[in-house]
Amino acid sequence: MLITIALLTACKNESVVAQAPASPVLDVPADARGHYCGMFLTEHVGPKGQVRVRDVAAPLWFTSIREIFSFLAAPDEPKAVTGVYVQDMGRRRADGSFPPEAWIDARSAWYVIGSGAQDFPAADDAMPFATQADAEAYRVRHGGTVVTFATMPQAFVSAGSGALPAGDGASTGGTSS
């Protein structure tokens with residue numbers, strides 16, 4: 001009887017650990033490649049993302065924020081996601097790099113989409129920020145629309161460029177320029 005209780009307790013604790021959110025990997029390995037494009041993350045100057053999947057030790061890396069949203073919506077991708085992280089543009093260094101502590105939970109981030117920023121090649125991507133104030137300040141400087149993880153327009157995710165189809169900004173609940 002005691003052995004049965006011990007085994008049940010061990011199984012119960014194991015399932016709790018398996019369901020606990022995975023922390024972001026702070027240092028991007030030099031050999032990390034984008035899940036979809038295969039590009040080395042070190043060759044990409046914009047904000048990057050990582051998705052943690054249950055029972056998979058290494059994160060899935062993404063060279064664009066839009067790719068994370070595509071991954072999460074794709075029916076053929078894993079659904080046992082334990083963490084989604086993006087780099088906070090508010091912590092971007094002058095040289096375009098990001099410090100290890102720039103990783104934030106993608107679900108609580110604020111995003112600027114459809115901006116006219118040309119400060120790096122991937123500027124037409126969604127720009128993630130830890131705070132609404134930082135996202136609004138970026139929007140004021142570069143244009144675009146501020147949205148949240150929950151209000152990211154599918155039309156933006158599906159688009160091949162950063163152009164936001166007419167009328168989408170108003171339907172997101174975000175702030176338009």
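Some notes on this structure:
- Remark: the residue 151-residue 54 segment gains 32.4 nm on full extension, using 0.36 nm per residue and subtracting the alpha carbon distance.
- Per-residue extension of 0.36 nm, minus the Cα-Cα distance of residue 105 and residue 141, leaves a gain of 10.5 nm for this segment.
Every read-out reported here was derived from the displayed coordinates using simple, explicitly stated rules and does not represent laboratory data. Source: prediction; values computed, not measured.
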